[in-house]
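Each remark here refers to the structure printed beneath this line.
The values are calculated or read from the model by the stated rules, or taken from the named source; none is laboratory data. Just so it is clear, the structure is predicted and the values come from calculations on it, not from any experiment. Backbone-built Cβ (ideal geometry, glycine too); neighbour counts: all protein chains shown. All accessible areas refer to the heavy atoms of the entire protein, side chains included, with ligands and DNA or RNA removed. Shrake-Rupley method; radii C 1.70, N 1.55, O 1.52, S 1.80 Å.
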Amino acid sequence: MNSRSEPDTEQQTSERTAMAGPPERRTDLTDLVRNRRSELGLSLRKLAERCVDPEAPDAGPIWKYAVINRLERGLPVIAPIVPELRALAAGLQLPLGLIQDAAGAQFFGIDSVWSDEGDVRALVHDYRSMSPEDQERVRDLMRTWGQNRAAKPHGGEG
């Protein structure tokens, strides 16, 4: 067995990954798109037509019907980039932050966690799978950060 200072061999890393099992498959963006499109009563093609990046409207729609269809069906798609997320938010008439949170969770396992006061946000890898004790530790860090920030005068110098 390796000491902490020696890196794992490829075999050890592979064995550890196999023991952990496959990661949970997230569908946050898939579910959000499917549910919101249904709420708006839009066809896949109509949604694709509405997905225009508000920062580059002359480019026209940047989501293809086939990609939205694959996303909704849970088939593999490439993680969307920022202009695509803005366009999707516009097409679905949702805040960009909501779309970003769902995409971050589905494609990268990043969860947005807000403090109880709503003034501190942390992006935490796999927060949902943490033990309740570890989740509380994250929340404690956020409370401390929020309290320290509030105690400093504007400008962050104290």
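So, with +1 on the Cβ of K and R and -1 on the Cβ of D and E, and no other charges, what is the size of the charge dipole of the range 40-142 about its Cα centre, to the nearest 20 debye?
Values: 11 positive and 16 negative charges, 151 e Å.
Computed charge dipole of the range 40-142: roughly 720 debye.
By its C-alpha gyration tensor, with a ≥ b ≥ c as the square roots of the eigenvalues, how is the range 42-86 shaped: rounded for a/c under 1.5, else prolate for a/b larger than b/c, else oblate?
On the way: a/c = 2.82, a/b = 1.41, b/c = 2.00.
Taking the square roots of the gyration eigenvalues as a ≥ b ≥ c, the range 42-86 is oblate.
Would you mind classifying the range 69-158 by shape? Square roots of the alpha carbon gyration tensor eigenvalues, ordered a ≥ b ≥ c; an a/c under 1.5 is rounded, otherwise it is prolate if a/b is larger than b/c and oblate if not. Write out the running numbers ahead of the final one.
Values: a/c = 3.28, a/b = 1.69, b/c = 1.94.
Oblate, because a/c is 1.5 or more while a/b does not exceed b/c.
How would you order 129-139, 87-97, 70-80 from highest to lowest mean count of nearby Cβ atoms within 10 Å?
Details: 129-139: 12.3, 87-97: 18.2, 70-80: 14.0.
Output ranking for 129-139, 87-97, 70-80: 87-97, 70-80, 129-139.
Residues with beta-carbon under 15 Å from that of residue 36, excluding residue 36: net charge, scoring Lys, Arg +1 and Asp, Glu -1?
On the way: positive: 34, 37, 46, 50; negative: 28, 31, 39, 72, 101.
Around residue 36, the charge tally is -1.
If you roll a 1.4 angstrom probe over the protein chains with everything in place, what fraction of the accessible area of the range 31-126 belongs to carbon and sulfur, to the nearest %?
It is 55 percent, rounded to a whole number.
Report the extension gain between residue 117 and residue 35 in nm, rounded to one decimal, defined as 0.36 nm multiplied by the number of residues separating them, less their alpha carbon distance. Provide the component values of the computation, followed by the final result.
Details: separation 82, 0.36 × 82 = 29.52 nm, distance 2.85 nm.
Difference between extended and current length: 26.7 nm.
Sort 44-56, 106-118 by packing, meaning the average of other beta carbons within 10 Å per residue, with the highest value first. Mind showing how you got there, number by number?
On the way: 44-56: 16.7, 106-118: 15.0.
Most protected by this proxy first, the peptides run 44-56, 106-118.
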